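The structure under discussion appears below in the form of structure tokens.
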Amino acid sequence: MSGAGDSSGGNTGGGFDATKRPPGTVDVMYSAAEIGARVGTLAADIADTLGPDIMVVAVLKGSFVFTADLLRALHHFGVHPRIDFMTLSSYGTGTESSGKVAITRDISDDVRGAKILLIDDILESGRTLAFARELLQDRGAALVQLCVLLDKPEKRKIDVNADYVGFSIGDSFVVGYGLDYAHYYRELPYIGTISTD
């Protein structure tokens, strides 16, 4: 089963009242403490590599909690970034993605000459992040590095790797810490696998 975290805004879910959280049992994969420790390590690595003057571009929606915690951790290492957001979606016919990516919300800042940290929730096929990185490079960014909360290397369709990875996982359906199931479960302070049986 695929995981939550497509950049179109999450899993749609079906067969239940959309005004109520769909039923499911969540088993903790990474606790809040484990995530916090990993975010701190990532921030130290990023600060050491990129320095204090960077631009952060977060891909919404799934990365918003991770981005917020990472920004606060970066502050402790003397990084004071410009911050902007973009929303991307894969589109196609039926339930399968065509592999094409569309911008549904673009950044507003000029990226020319900037060192950019591009943040997303999950790296799966690689198409969305490859598209976003190329877009920022074409607009004149000096450097674009990728940072993801979760990496699913076995799902990769194109050759793209993140420079900074929170955790590498298998093909599990995960929720919490910003990741959703049918737009619910994002508020959980941990990352867990969900069973809807």
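The values are calculated or read from the model by the stated rules, or taken from the named source; none is laboratory data. Every value quoted in this text rests on a predicted model; they were computed, and no experiment measured them. Methodologically, a virtual Cβ is constructed for each residue, glycine included, from the backbone with ideal geometry; neighbour enumeration extends over all protein chains shown.
Take region 153-182 and flag every residue that is on the phi > 0 side of the Ramachandran plot, at pLDDT below 95 and under 15 Å from the mean Cα position of the chain (by Cα).
Our first condition is that a residue be on the phi > 0 side of the Ramachandran plot; within region 153-182, this holds for 176-178, 182.
Now restrict to residues that are at pLDDT below 95: 182.
Result: no residue meets the conditions.
Please go through region 131-166 and pick out each residue that is under 20 Å from Phe66 (Cα atoms) and out of contact with any Asp or Glu (no Cβ under 7 Å at 6 or more places or on another chain).
Looking only at region 131-166, we keep the residues that are under 20 Å from Phe66 (Cα atoms), and these are 132-133, 144-153, 161-166.
Selection gives Ala132, Arg133, Val144, Asp151, Pro153, Asn161, Asp163, Gly166.
Thr49 fails exactly one of the following numbered conditions: (1) within 24 Å of Ser195 (Cβ to Cβ); (2) at pLDDT 95 or above. What is the number of that condition?
All conditions pass for Thr49, except number (1).
Within region 54-75, which residues are closer than 21 Å to Ala114 by Cα, free of Cβ contacts under 8 Å to residues at least 40 places away in the same chain and either surrounded by 24 or more Cβ atoms within 10 Å (Cβ to Cβ) or touching a helix residue (DSSP H, G or I) at 6+ places or on another chain (Cβ under 8 Å) (or both)?
Passing the criteria: Ala73, Leu74.
Starting from residues that are in contact with a Ser or Thr (Cβ under 7 Å, 6 or more places away or on another chain) and among the hydrophobic types (A, V, I, L, M, F, W, C), keep the ones in region 159-193 and report whichever is surrounded by the most Cβ atoms within 10 Å (Cβ to Cβ).
Here is the first cut: in region 159-193, the residues in contact with a Ser or Thr (Cβ under 7 Å, 6 or more places away or on another chain) are 171-174, 178, 182, 190, 193.
Those still in the list that are among the hydrophobic types (A, V, I, L, M, F, W, C) too: 173-174, 182.
On the way: Phe173: 18, Val174: 28, Ala182: 18.
My answer is Val174.
Here's the yes/no breakdown for (1) touching a helix residue (DSSP H, G or I) at 6+ places or on another chain (Cβ under 7 Å); (2) free of Cβ contacts under 8 Å to residues at least 60 places away in the same chain; (3) assigned to a helix (DSSP H, G or I):
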position: Pro23; (1), (2), (3): no, no, no
position: Val26; (1), (2), (3): no, no, no
position: Gly36; (1), (2), (3): no, yes, yes
position: Asp48; (1), (2), (3): no, yes, yes
position: Pro52; (1), (2), (3): no, yes, no
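Which of the residues belonging to region 144-158 are without any contact (Cβ under 8 Å) to a residue 60 or more places away in the chain and either loosely packed, with under 14 Cβ neighbours inside 10 Å or not β-branched (Val, Ile, Thr) (or both)?
The answer is Leu146, Asp151, Pro153, Glu154, Arg156, Lys157, Ile158.
Filter region 110-139 down to the residues that are surrounded by fewer than 21 Cβ atoms within 10 Å (Cβ to Cβ), free of Cβ contacts under 8 Å to residues at least 60 places away in the same chain and over 20 Å from Gly178 (Cα atoms) and list them by number.
Within region 110-139, Asp110, Arg112, Gly113, Arg127, Ala130, Phe131, Arg133, Glu134, Leu135, Gln137, Asp138, Arg139 qualify.
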